[in-house]
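Some notes on the structure that comes next.
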Amino acid sequence: MRLLLATMSHETNTFSPVPTKLARFCRDGTTLLTGQAAIDFYTDTGTCMGGYLAVAKSAGADIVVPVTAGAPPSGRVDAEAYETFCRLITEEVAKGGFDGIMLDLHGAMATETFDDGEGELLRRIRAIDKTTPICIAYDMHANVFPDMIENATIIAGYHTYPHIDMKETSTRAGQALLKVIAGEIKPTTAWGAAPMLPHVMAQGTHMFPNRDLQAMCAAWEASGRAVAASLFVGFPHADVPMAGLSAVVVTDNNPADAKAMVDELIEFAWNAREAFTFKVEKLEDSVARAKQLGEQGPGVVLLDHFDNCASGGTMDTTDVLREIIRQDLDDVVFFGIYDPDAVKQAVAAGIGNDAELDIGAKLDMPALQIGSRPLHVKGKVRTVSAGYYRSTGGLSPGLQIYLGTTVVLDTGKVQIVLLSRHVEPTAQEMFRVLGIDPTTKRFVAIKSRVHWRADVGKLAREIVECGGVGVCTSNYGQLTFRNVRRPIYPLDPEMTFTLAT
Ligand SMILES: [Zn+2]
């Protein structure tokens, strides 16, 4: 058996000013992983590619990996970068001789040219090869367009947010594909979308309603009623026609039942639409509340969620950090501010020496009416790290992580992490490689929304969601949508919706 495996993964925030060039898809900023290097990098990791590799190896397949390209969320993908990924994949498809194609795609990739990056890739593959079965593992944040479904044989989506089941998802997709190749199942797919943009802060699977929706999907898969059942909450910070919630169910030759399950998911989600919105507290009130909670000891987590780099935030807004300093919170670690220039200046100052820096707010945010401003800080350079470590837990155990050159600037009360790459603080290891034990800190302030719960969540005694500034705005008030289909909830709060029969 011969299998083609590839990753092309990016969650595009069309409001984000952060550019998405080819280098962002390179694991160390310089090398796009292909072939044996990609296989070595992902083998035995808790990732989609790790799951596909294990399935393919267990089947004794010859494995061809034309590219594994994944980048942190940011603005529309550079056209040339996108064409590079598509070319690497389609050139290999054109050589022929594959029994199956296993794709690890995000599902919310928009490029400079296409709103539906995944659909366009699949159209190109199908233009060359109409019949080889294709399975796809999509992120739960996929914004599903018709071509993403109609040009695939098996679709499976994550069931957890934070995404701790990436490997399980691709394993489910890959094993189903092997059954298709063996002629053991005849997949039929149904899908549907609800006109709603669930807020990211209300999407976690630790809470209603997404917990319940994902449990429905998992139960149908466990009973064998569905080959794969997926509820995609969608990625709302994307001004593209099909942004929002959708459901996709694959059955073994039972299209009517696939549609019945899709309808049940869509109806449940729509009826719970209010629980998928999010209410914002004033920043000064949040920080004051956190300060009070800190009087009982360590473990107060402050979320600077407006500026989560894993939703396309610049990770350089300073408003929450400024308020933490203004209200004089003590024993804080703040992870972090993206500012490659400040990192260079701190490195030049040297470990143990004082540095005085203007940090953050270097990236304009034209999609917002308001912006952030640089923060003037004085402190001691405590740590300079090359930023490499191998993850042991959290979102992708076993994966080698590269934070980029990273600095800890200590003001006496606040340890500020300065970053030269966009990295969401999800794992306690990220703090430990910088010489900080986050479990001892009274306050752990992070630019994250939900993924932090995978591991940093274990130390949280109290959680305070802080309002602020950033392109992951709450309930979208600061953003102007022009391309998403209307009406859509909650942009059109009074709208009605009934399922098509
Ligand atoms: Zn996601």
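Can you find even one residue in segment 104-113 that is more than 16 Å from the ligand (Cβ to nearest atom) and open to solvent by 30 Å² or more (accessible area, probe 1.4 Å)?
So far as segment 104-113 goes, yes, one or more of its residues are more than 16 Å from the ligand (Cβ to nearest atom) and open to solvent by 30 Å² or more (accessible area, probe 1.4 Å).
Can you tell me which residue within segment 439-452, out of those that are in contact with a strand residue (DSSP E or B) (Cβ under 9 Å, 6 or more places away or on another chain) and over 18 Å from MET315 (Cβ atoms), is least open to solvent (accessible area, probe 1.4 Å)?
Result: PHE443.
Residue-wise test of (1) more than 15 Å from the ligand (Cβ to nearest atom); (2) in a loop (DSSP other than H, G, I, E, B).
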site	(1), (2)
ILE136	no, no
ASN143	no, yes
ILE149	yes, no
ALA152	yes, yes
ILE164	no, yes
THR169	no, no
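Under 9 Å between Cβ atoms, which residue pairs at least 6 apart in sequence (or on different chains) link something in segment 289-316 that is free of Cβ contacts under 8 Å to residues at least 60 places away in the same chain with a partner that is assigned to a loop (DSSP other than H, G, I, E, B) and open to solvent by less than 10 Å² (accessible area, probe 1.4 Å)?
LYS291/LEU329; ASP316/ASP339; ASP316/GLY360
Just to be sure, is GLU118 farther than 20 Å from MET1 by Cα, within 16 Å of the ligand (Cβ to nearest atom) and open to solvent by less than 20 Å² (accessible area, probe 1.4 Å)?
For GLU118, the condition - farther than 20 Å from MET1 by Cα, within 16 Å of the ligand (Cβ to nearest atom) and open to solvent by less than 20 Å² (accessible area, probe 1.4 Å) - is met.
List every residue pair whose Cβ atoms sit under 8 Å apart, with the two residues 6 or more apart in sequence or on different chains, where the first one lies in segment 119-143 and is closer than 11 Å to GLY157 by Cα and among the aliphatic types (A, V, I, L, M) and the second, anywhere, is more than 16 Å from the ligand (Cβ to nearest atom) and in a loop (DSSP other than H, G, I, E, B).
These pairs meet every condition: ILE136/ALA152.
Which of the residues that make up segment 317-349 are within 13 Å of THR411 (Cα to Cα), open to solvent by 10 Å² or more (accessible area, probe 1.4 Å) and not charged (D, E, K, R)?
If the condition is that a residue be within 13 Å of THR411 (Cα to Cα), open to solvent by 10 Å² or more (accessible area, probe 1.4 Å) and not charged (D, E, K, R), then ILE325 is the only one that fits.
In the set GLY379, GLY371, which member is modelled with pLDDT under 95 and either on the phi < 0 side of the Ramachandran plot or open to solvent by less than 30 Å² (accessible area, probe 1.4 Å) (or both)?
GLY371
State yes or no: is LYS259 closer than 26 Å to GLU11 by Cα and basic (Lys, Arg)?
Judged against the criteria, LYS259 is not a match.
Out of (1) open to solvent by 30 Å² or more (accessible area, probe 1.4 Å); (2) part of a loop (DSSP other than H, G, I, E, B); (3) small (Gly, Ala, Ser), what's the single condition that is false for ALA218?
Only one criterion is unmet by ALA218, namely (2).
Only one residue in ASP354, ASP319, ASP328 is in contact (Cβ under 8 Å) with a residue 24 or more places away in the chain, over 30 Å from TRP191 (Cβ atoms) and either within 16 Å of the ligand (Cβ to nearest atom) or within 25 Å of the chain's Cα centre (by Cα) (or both). Which one?
ASP319
Would you pick out the residues in segment 131-171 that are farther than 20 Å from GLY119 by Cβ, buried (at least 23 other Cβ atoms within 10 Å of the Cβ) and more than 14 Å from the chain's Cα centre (by Cα)?
The one that is farther than 20 Å from GLY119 by Cβ, buried (at least 23 other Cβ atoms within 10 Å of the Cβ) and more than 14 Å from the chain's Cα centre (by Cα): LYS167.
When you check GLY312 against the structure, is it on the phi > 0 side of the Ramachandran plot, in contact with a Lys or Arg (Cβ under 8 Å, 6 or more places away or on another chain) and not hydrophobic (A, V, I, L, M, F, W, C), yes or no?
Here the answer is no, as GLY312 does not meet what is asked.
Strands (runs of 3 or more DSSP E) wholly in segment 1-98 with at least 2 residues that are away from the ligand (no atom under 16 Å from the Cβ), of a type in the set (A, V, I, L, M, F, W, C) and surrounded by 24 or more Cβ atoms within 10 Å (Cβ to Cβ) - which ones?
Qualifying strands (runs of 3 or more DSSP E): 2-9.
Restricting to segment 462-488, what's the tally of residues that are assigned to a loop (DSSP other than H, G, I, E, B), under 21 Å from ARG373 (Cβ atoms) and in contact (Cβ under 8 Å) with a residue 24 or more places away in the chain?
10
Conditions: (1) buried (at least 24 other Cβ atoms within 10 Å of the Cβ); (2) out of contact with any helix residue (DSSP H, G or I) (no Cβ under 7 Å at 6 or more places or on another chain). LEU302 meets all but one. Number of the miss?
(2)
So, in segment 226-246, of the ones that are open to solvent by less than 10 Å² (accessible area, probe 1.4 Å) and over 24 Å from CYS472 (Cβ atoms), which residue ends up farthest from the ligand (Cβ to nearest atom)?
So the residue we want is ALA226.
Could you list, in sequence order, all residues of segment 350-361 that are open to solvent by less than 100 Å² (accessible area, probe 1.4 Å) and either of a type outside the set (S, T, N, Q) or at positive phi (or both)?
GLY350, GLY352, ALA355, LEU357, ASP358, ILE359, GLY360, ALA361
The values are calculated or read from the model by the stated rules, or taken from the named source; none is laboratory data. In this text the structure is predicted, and so the values were computed from the model without any measurement. No Cβ is skipped: glycine too gets one built from the backbone with ideal geometry, and neighbour counts run over all protein chains shown. Please note that ligands, DNA and RNA were not included when accessible areas were found on the heavy atoms of the full protein model with its side chains. Shrake-Rupley method; radii C 1.70, N 1.55, O 1.52, S 1.80 Å.
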